[in-house]
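Peer 1: A single structure is presented below for examination.
What follows draws every value from the coordinates through simple rules; no lab data is involved. Computed from a predicted structure; not experimentally measured. Cβ atoms come from the backbone with ideal geometry, glycine included; neighbour counts cover every protein chain shown.
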């Protein structure tokens with residue numbers, strides 16, 4: 001039966017993509033549960049292998065460093081970025097982009113191309129997603145007003161923009177003739 005599935009390239013890709021996406025997405029949620037002080041808390045994972053906190057630290061401190069280099073005064077503390085005279089943002093789990101990165105990584109890994117083009121695109125794409133996320137965090141810290149009523153949440157706006165950019169990038173990558181020759185499943 002597995003051989004029959006593999007014969008249908010589109011179906012096989014779809015199964016691999018969906019499986020990888022679900023694995024990555026729910027692993028992140030599961031891991032977040034392990035590092036959050038609650039029922040299944042693991043102090044060891046929280047203190048030594050907390051990649052979620054490392055990503056949060058990287059996003060906040062990179063955003064702050066860029067803002068400071070641009071002449072703003074910003075500080076980071078308690079998962080927050082404060083820009084003096086402007087605003088403050090709380091960087092919670094849903095702002096980290098782990099769902100978007102799970103989608104992107106699952107697609108790239110599942111798609112039948114050679115390993116080298118996959119790795120290059122995967123690394124540059126994940127880096128690009130974080131550059132866009134840092135840009136979003138800086139703009140929010142400078143211009144977002146939490147007290148003002150909004151029709152659309154900034155998370156929705158960012159998700160729509162990022163998914164459009166990802167779909168365009170994936171389309172170009174999939175149709176790049178230079179990396180399509182002799183693709184391996």
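Peer 1: Using 15 Å as the cut-off for backbone N distance, which residues of the stretch 85-115 belong to the label zone defined by a point 7 Å from the Cα of residue 142 along Cα→Cβ?
Peer 2: Residues 85-89 fall inside that zone.
Peer 1: What do you get for the angle between helix 154-174 and the principal long axis of the chain? Use alpha-carbon atoms, 0 to 90 degrees, nearest ten.
Peer 2: 30 degrees
Peer 1: Comparing 66, 156, 35, which has the greatest mean-square fluctuation in the GNM of the chain with Cα pairs linked when under 10 Å apart?
Peer 2: 156
Peer 1: Where q = 0.09 Å⁻¹, what log10 of I(q)/I(0) comes from the Debye formula for the chain, counting one point per Cα?
Peer 2: At q = 0.09 Å⁻¹ the computed log10 ratios are -0.42.
Peer 1: How tilted is helix 51-69 with respect to the longest principal axis of the chain? Cα atoms for both, answer in degrees (0 to 90, nearest 10).
Peer 2: 60 degrees
Peer 1: Compute the distance in nm between two label points, each set 7 Å from the Cα along the Cα-to-Cβ direction, one at residue 168 and one at residue 15.
Peer 2: Inter-label distance under the simple model: 3.5 nm.
Peer 1: Is the stretch 51-155 best put as rounded, prolate or oblate by its Cα gyration tensor, with a ≥ b ≥ c the root eigenvalues, rounded for a/c under 1.5, and otherwise prolate when a/b is larger than b/c, oblate when not?
Peer 2: Prolate is the answer for the stretch 51-155, as a/c is 1.5 or above and a/b outweighs b/c.
Peer 1: Roughly how many nanometres apart are two label points built 7 Å out from the Cα toward the Cβ at residue 156 and residue 68?
Peer 2: The two pseudo-label positions are separated by 3.6 nm.
Peer 1: I would also like to ask the following. Nearest 10 degrees is fine. How inclined is helix 98-110 to the longest principal axis of the chain, computing both from alpha carbons?
Peer 2: 20 degrees
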